[in-house]
């Protein structure tokens, strides 16, 4: 019988505080394509939020994958899932993304560019948020 996947705990406040300046300095910049800023609204409050996220490079120019190291219950991911869309600031451009859905590690490995397949297998992230570039 297979054991259940380990539950991920929330990141410590110290970790968030220590990494936030670096994340904000790099996310969304044209010269750093591995990080983006996702703009979304609170699912209950409607409050606008911006969150730095790590982008997994995919073979498709239409699909974006964002790793969820703390699991699919992450607040910003739940906000995007509830809204059905968001805006990514990526490589210096704002991109409307739609059709958010949770994806497992096997889907991420399948869609990732070859160099990142090995990284994703080793990282063992519990889930990913998959989004499509809007045609509008």
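Bear in mind these aren't lab numbers, they're just calculated from the coordinates by the rules spelled out. The model shown is predicted, which means the values in this text are computed figures rather than measured ones.
Summary of computed values
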| quantity | calculated |
| --- | --- |
| Mean-position separation - Cα centroids, the range 96-136 and the range 54-90, in angstrom | 8 |
| Length added when fully stretched, residue 41-residue 123, from 0.36 nm per residue minus Cα-Cα | 26.7 nm |
| Rounded, prolate or oblate (a/c below 1.5 giving rounded, otherwise prolate when a/b exceeds b/c) for the range 17-133 by Cα gyration tensor | rounded |
| Rounded if a/c under 1.5, otherwise prolate or oblate - the range 65-136, Cα gyration tensor axes | oblate |
